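The next block holds one structure in the form of structure tokens; read it before the comments.
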Amino acid sequence: MEQWRYEQRPRKKRTFLIIAAVVLGGGGIWSMHFTGMNALKIRLQNKQTLEIDFEGWLTILSFIFAVGGVLVGLLIASRDPFFLELEREKRAQLLAANLRKMNMTQLMKKESAERNIRFTAMFSRLWRICFGGIWTALGVLGMHYTGMLAQRTNLQMTVMAPFVVLSCIVAFVTANAAFWIIFRLLPLWPSNDSLRFVSALIMGVAVCGTHYSGMAAATYRYSSVNTADTTRLVVKGSSASTVASHGSLLICFWISGFYVIRPLRTVASKYYVLHPGGTTHSDGATVGPVPSQSSREPSEGMRSNTDQTGPRFQNAQNRTGDGSLSPSAAAVAAYRAKRKTPGNNMQQIMPN
């Protein structure tokens, strides 16, 4: 979302938003839910373990609920004015507009003014973030209970209303808390890595808390009829959890590597195009990759052909016909010799 925030091109912004929804909703939330669903083991009185399969179309629908809910939630919450505004001066104008209702005597006190300004920056105009968190929570809840309905085995499931209400409360509270940190606190304190860790932790608590409180609401009773026999598209639970967990990890690593390593490679390639000879110091010395011992001192013939960016080539261009330095080059050489210090010596820059 930070790349989405600083991106100005509309097509790139849409791409970043969709990728964030797929990674968070599909790779993070849905894969955890589906792996947790396959962790359910039901044993009968004769110690027989029932194999739980899943109806394919409802499983796909649960994935759509997760990604769609996160996508709509991110789209709404990203419209928060404090998150959208990149310039500090305009943020100050937003704060000033919200501080007009305050008493002037409170603003005159330094401690009270700082506290009120901080409170206003953190809690004013939160309705977009709240709506985004609500949509995300609805997506997570829809994903979870659709996934529970997709179970196919010799069991009949009933749910208890108090635990369902508890799972809804956990989803709404934690999703809004995570969105509040991401879309309000992080733009105000972008260098605070603790906020990133806490937001990820709260989002994990939101998903896990909703999942396991919802599973606690379910009661299973044995039935002689296996519902998997009457289902056309069945996903085997024994292999589906492995595919979901490993596949989501691979996708997340691939996307993160693509959007983190690729910009670094682009910057590095542009740097080497602009600086093909390495970094040039103030005394004219060009420091690049350290050569080997055998190639550190080239022959005189090679110097004239290859070394055309360093001080030797510049000195050769600044000499007159009889081999002496021109007046301007002599003045520059005298100035450099006067200000030259041991720290600027090329022999000390290059290792032995």
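The values are calculated or read from the model by the stated rules, or taken from the named source; none is laboratory data. Predicted model, so just to flag it, every value in this text is computed and none were measured. A quick note on method: Cβ atoms are made from the backbone with ideal geometry, for glycine too, and the neighbour counts reach across all protein chains shown.
Numbers for the structure displayed
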| quantity | calculated |
| --- | --- |
| Within the range 148-171, tally of residues that are buried (at least 22 other Cβ atoms within 10 Å of the Cβ) and over 29 Å from LYS236 (Cα atoms) | 1 |
| Members of the range 172-199 found to be surrounded by 15 or more Cβ atoms within 10 Å (Cβ to Cβ) and of a type in the set (Gly, Ala, Ser), listed by number | ALA175, ALA177, ALA178, SER199 |
| Which numbered condition THR158 misses (of (1) hydroxyl-bearing (Ser, Thr, Tyr); (2) assigned to a helix (DSSP H, G or I); (3) modelled with pLDDT of 80 or more) | (2) |
| Criterion violated by GLY214 - all others in (1) part of a loop (DSSP other than H, G, I, E, B); (2) modelled with pLDDT of 85 or more satisfied | (1) |
| Filter pass, LEU50 being surrounded by 13 or more Cβ atoms within 10 Å (Cβ to Cβ) and at pLDDT below 80 | yes |
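Residues are listed down the side, and each one gets a yes or a no for (1) farther than 19 Å from VAL207 by Cα; (2) surrounded by fewer than 13 Cβ atoms within 10 Å (Cβ to Cβ); (3) modelled with pLDDT of 70 or more:
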| residue | (1), (2), (3) |
| --- | --- |
| ASP80 | yes, no, yes |
| GLU87 | yes, yes, no |
| MET102 | yes, no, no |
| LEU107 | yes, no, no |
| ARG128 | yes, no, yes |
| GLY132 | no, no, yes |
| THR136 | no, no, yes |
| GLY139 | no, no, yes |
| THR146 | no, no, yes |
